[in-house]
Amino acid sequence: MAYLKLMFDEREIAHLSEDGQYLCANEGVLQYDLPLNLFIGNSRKVPLIDVVVWAKKRIFPRNRMDCKEILEMMGLPNYNAWEIVKRTNACLMEDPFWLRFSEAETFEDISSAPIRKAS
């Protein structure tokens with residue numbers, strides 16, 4: 001994964017470390033602006049595996065009643081949590097956090113788009 005940013009609405013608040021192993025809070029970002037269930041305590045650096053676990057908790061469950069229809073709309077043949085994360089940017093209506101996987105992705109794109117298919 002060469003590009004990953006944690007966003008707070010339109011503002012970047014964390015970035016992938018140079019070695020690709022951690023998500024690091026940006027300088028100047030206050031601790032209370034970071035997701036508390038990801039950046040635990042005073043942590044400013046989170047192992048990438050923790051980011052993956054956090055993101056997977058932000059998608060619809062496999063046992064959702066209309067799961068098959070949603071997967072079809074996404075262009076996915078089966079339930080693949082990481083692929084769903086990439087298509088939804090781990091964006092929820094309940095909070096302002098989302099993952100940016102490329103510089104081209106904008107807050108406007110992810111907040112207004114219904115479920116996207118793979119490119």
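The values are calculated or read from the model by the stated rules, or taken from the named source; none is laboratory data. Quantities reported herein were computed from a predicted structural model and do not represent experimental measurements. Ideal geometry is used to build each Cβ from the backbone, glycine not excepted, and the neighbour counts take in all protein chains shown. Accessible surface is based on the protein model in full, side chains and every heavy atom, while ligands, DNA and RNA are left aside. Shrake-Rupley method; radii C 1.70, N 1.55, O 1.52, S 1.80 Å.
Here are a few things to note about the model shown:
- Sequence of Y32, Y22, Y79 from largest to smallest accessible area, 1.4 Å probe: Y32, Y22, Y79
- Under the simplified labelling scheme, the S17-R44 pair shows an inter-label distance of 1.3 nm, with each label point 7 Å from Cα along Cα→Cβ.
- Taking every protein chain into account, the accessible area of the stretch 26-119 amounts to 64 square angstrom per residue (probe 1.4 Å).
- Of all aspartates and glutamates in the structure, the ones whose alpha carbon falls short of 19 Å from that of K45, not counting any fewer than 8 places away in one chain, are E12, E18, D19, E27, D33.
- Percent accessible area from carbon and sulfur atoms, the chain, protein chains only, probe 1.4 Å: 53 percent
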